[in-house]
Amino acid sequence: MHTDDGQPSQASPCYTLSFKRLGELFLLLEDDGFQIIGPTLQDRAIRYERLKSPDYLVHGYVDHQKAGCYHLEKQGDLYFGYTVPQDSWRRHLQPPKETLWNVKRSPSGFDFEENSDDLQTKRVFFGVRPCELRAIEIQDQIFLKGNYVDPHYHHRRDGLFLVVVHCIRATSTCFCTSMGVQPFCSNQEDQKSHARPDLALTEIEGQFFLVRPGTHRGAQYLNRLELEEANPEDLEIETRLSQVVQRDLKRNLNLNQDHLKEIMDLQMESPYWNEVAQRCLSCANCTLVCPTCFCSTTEDLVSLDENTTERIRKWDSCFHLSHSYIHGGSVRSSVSARYRQWITHKLVTWKEQFNTEGCVGCGRCITWCPVGIDIRSEANRLRSQWRGES
Ligand code: SF4
Ligand code: SF4
């Protein structure tokens, strides 16, 4: 069943998992000390929060997303009828704000204490979409595989149990296939290069899940549940679902064919950047919802009596003026320079820096931009301008 590298073969067995048995899976994982995080309804949006049982999963909602607009509608009977939630898993691997260490003055000098709150907690990410799985892989590249390993990220990532749920519908902001991601993991062109889920689920018409193991660990949990193998009719339904979502996805940004790197290089001084800056508020929303963004800044908070200091790490954004501050001033002082930095990094220079794409096509930056700036349209406009089409 498994290949030499510990991964299941392409022909992984497929089982059926009813919603009742899903509760048993949750219990097995909790008994083994895992905390389960998954999609739940909060403030009229779907967010990833701790789930005490499958009863807390979102149920019977679809999402409608377009530039600058997010709307949930009560419809149907699916648990995973929506696409991507408002926030991403990044919040649980690299929190928006965390204390790194404290120093307290003591009679002998200073006591140093590293903050290890929540670092030992074993987590399950339940309901990871394929584009989000790729985003976690990209963050791994940055935090774990470069010259410097981030110990906080490493602790949270180590032992993480990943349960992917395939996408059976797409919304107008989804463009994962443009970025080389497939809505079904089993359809990835080069499986070896991607992070493996422990389990991969497909929801079948709101009735049950098809489930396949992606790792030995995942297979062991399925063995403990003693599930029945899926029948050929269910597999046929799954194939049809995957064809429908493929059809709905529009491949509307093709980086290689259109030589975006050359276009960006040649368009550095284009008047286009000033035009987009007229619309961009420099609010940083697009970077805060992005699952691949990773910039942070640190701050030392000293108590008024000067006896304690706390070092805080917080998310930062290339849209902030202070992000490019070098002695004496900011390198990117205009909104046009900051927008240019963001889009060229996401679509071009990230690849040179990390040898991965910087964008997974989840579309969150499009939905949550208050003025509806769409990364796909902007790249396409730059391309048209370069070609002299406008
Ligand atoms: S592109 Fe949109 S979300 Fe991003 S900084 Fe500009 S206005 Fe804000
Ligand atoms: S740049 Fe936009 S579409 Fe790409 S991964 Fe980030 S939020 Fe998603």
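Rule-based calculations on the coordinates, nothing more; no lab input. It should be emphasised that the depicted structure is a prediction, and the values quoted were computed from it without experimental measurement. Note that each Cβ is placed from the backbone with ideal geometry, even for glycine, and that neighbours are counted across all protein chains shown.
Things to note:
- Treating r as the C-beta distance of D158 and R387 and R0 as 45 Å, the FRET efficiency rounds to 0.40.
- Prolate/oblate/rounded label for the stretch 38-96 (Cα gyration tensor, a/c 1.5): oblate
- Residue-span extension gain [N231 to S334] - 0.36 nm each, minus C-alpha spacing: 31.1 nm
- Normalised radius of gyration (Cα atoms, divided by 2.2 N^0.38 Å) for the stretch 76-211: 1.31.
- Integer Hz, Karplus 6.51/-1.76/1.60 couplings in order for the stretch 156-166, x for Gly and Pro: 6, 7, 4, x, 4, 9, 9, 10, 8, 10, 5
- The magnitude of the dipole of the stretch 29-143, with charges of +1 and -1 set on the Cβ of Lys/Arg and Asp/Glu and taken from the Cα centre, is near 400 debye.
- Here each label is just a point 7 Å from Cα along the line to Cβ, and for Q42 and E205 those points are 3.5 nm apart.
- Of the DSSP H helices in the chain, those with a Cα length along their own long axis of 15 Å or more and a mean Kyte-Doolittle hydropathy reaching 0.0 comprise 19-31, 130-143.
- With a Förster radius of 41 Å applied to the C-beta separation of H71 and S303, the computed FRET efficiency comes to 0.35.
- Label-point separation in nm, T239 to E30, each point 7 Å along Cα→Cβ: 3.9
- Rounded if a/c under 1.5, otherwise prolate or oblate - the chain, Cα gyration tensor axes: oblate
- Gyration tensor verdict on the stretch 237-390 (Cα atoms; rounded if a/c is under 1.5, prolate if a/b is larger than b/c, oblate otherwise): oblate
- Extension gain, M268 back to R311 (0.36 nm per residue minus Cα-Cα distance, nm): 11.7 nm
- Here the extension length gained between Q278 and T121 equals 52.0 nm, from 0.36 nm per residue of separation less the Cα-Cα distance.
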